[in-house]
Amino acid sequence: MNKRIIQIILVISIISLCITGCTTRISEEETRELLNKNKEIYLDY
């Protein structure tokens with residue numbers, strides 16, 4: 001179950017990154033911050 005939850009979170013975060021990237025050009029710093037947050041979530045599990 002935990003692996004499924006992690007996969008769902010990663011998929012949602014990737015999709016949200018793609019949507020925000022397409023709609024508005026976000027800086028590299030913001031994308032790095034989002035990726036770091038995803039890594040923290042992944043490590044918590």
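The values are calculated or read from the model by the stated rules, or taken from the named source; none is laboratory data. Model, not experiment: these values are computed from the prediction. Every residue, glycine among them, receives a Cβ derived from its backbone with ideal geometry; neighbour counts consider all protein chains shown.
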Any chance you could count how many residues in the range 16-32 are modelled with pLDDT of 70 or more and surrounded by 11 or more Cβ atoms within 10 Å (Cβ to Cβ)? 5
Flagged in the range 1-15 as modelled with pLDDT of 85 or more, touching a Phe, Trp or Tyr at 6+ places or on another chain (Cβ under 8 Å) and farther than 16 Å from Leu34 by Cα, in numbering order, are Ile5
